[in-house]
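Written out below as structure tokens is the structure these notes cover.
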Amino acid sequence: MILLISFISCNKDEGNRISNEEFSEGKNLADTIPSPDHIIFVWFENKAYSEIVGSNSAPFINSLIKEGTLFTNSHALGNPSYPEYIRWFAGTRNGKLDDKCISGQPFSIPNLFTRLAEQKKSFAWYSEDLPETGSEICSYGAYREKHNPTTIFSNVPSSANKRLIDFPKDYNKLENVICISPNMNNDMHDGSVRQGDEWLKKNFSDLINWCKTNNSVFVIYFDESSQKIESRIPVIAIGEEVKVNYKSNIYYDHYNWTKTVLNMNGANPMAGAISRSSIADCWK
């Protein structure tokens, strides 16, 4: 199983700044990518690489670095949050520029759900404080729609939009690809780094350990950096097929991760992710 912890900053939608070719020396990177049974992303909010890596406020996250791969050059595509989530999910922000809620389901372009479904692979987005499965509500308690892009796509069934309290206790029943959005207090947006770190340890330390021996991936992922210009975020990957105590210095962004997830599951990339290279240097 594989665990990824990632923090992301900004770059342009167009163009590929990734230098995977320097790593691969012309090799087919897809040949080196594993096929995990599950890959799980936990999304945190608005923290720069330097605010997490080496921080005394994030002891649990930092303890995971030696157990897997630390990505030192991962980036988001821009800001604010909503466009970043849409980009990661669909390969384009689809014209979205702000965090305002979107009424209904105006989008029908290909996305992670549809691409995975074509390969008979399952996908779900679990959100903390979501009031009910499939809810399209803008906000509820500390839940925010802007951190859950499944609600605005007509080709994504409501059953893929799930409450975190319904997360399977039997990890073998997990979907093939999973995203988890903590609420605004636990995702480090309104709450502190320490609060998010403790939330992660309390709720997912068992799953992280399970991933190491069960052919799966767990990802802690930041949508954007608090430093809008520099925009670098930390990423940590842990899993059965992930190099241990390894640092990757290759430039990656949201689209690299999107393409990698699709390649892991035999699915075709879409929109912005097409031009990206898959992540290949961190695997055993």
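The values are calculated or read from the model by the stated rules, or taken from the named source; none is laboratory data. None of the values given here were measured: they were computed from a predicted structure. Quick reminder, even Gly has a Cβ in these numbers, built from the backbone with ideal geometry, and neighbours come from all protein chains shown.
Set side by side, the residues ILE233, ILE229, ILE180, ILE274 differ, and just one is β-branched (Val, Ile, Thr) and part of a helix (DSSP H, G or I), which is ILE274. Consider ILE39 carefully, then state whether it is more than 20 Å from TYR251 (Cβ to Cβ), touching a residue at least 40 places away in the same chain (Cβ under 8 Å) and surrounded by 24 or more Cβ atoms within 10 Å (Cβ to Cβ). Yes, satisfied. Any residue in segment 255-284 that's closer than 21 Å to ARG93 by Cβ and touching a residue at least 24 places away in the same chain (Cβ under 8 Å): show its pairings with residues that are of a type in the set (Asp, Glu) and part of a loop (DSSP other than H, G, I, E, B) at Cβ separation under 7 Å, as long as the two are six or more apart or on different chains. Cβ pairs passing all conditions: GLY272/ASP13. In segment 47-79, the qualifying residues are those that are part of a loop (DSSP other than H, G, I, E, B), out of contact with any helix residue (DSSP H, G or I) (no Cβ under 8 Å at 6 or more places or on another chain) and in contact (Cβ under 8 Å) with a residue 24 or more places away in the chain, and the one that is surrounded by the most Cβ atoms within 10 Å (Cβ to Cβ) is GLY68. Only residues that are within 16 Å of ASP223 (Cα to Cα) and either acidic (Asp, Glu) or within 16 Å of the chain's Cα centre (by Cα) (or both) were counted in segment 46-71, giving 6.
Between GLU84, GLU132, GLU128, the distinction of being of a type outside the set (Ser, Thr, Tyr) and more than 20 Å from ILE40 (Cβ to Cβ) belongs to GLU132 only. Please verify whether segment 246-253 includes one or more residues that are surrounded by fewer than 24 Cβ atoms within 10 Å (Cβ to Cβ), in a helix (DSSP H, G or I) and modelled with pLDDT of 95 or more. Checked segment 246-253: no residue is surrounded by fewer than 24 Cβ atoms within 10 Å (Cβ to Cβ), in a helix (DSSP H, G or I) and modelled with pLDDT of 95 or more.
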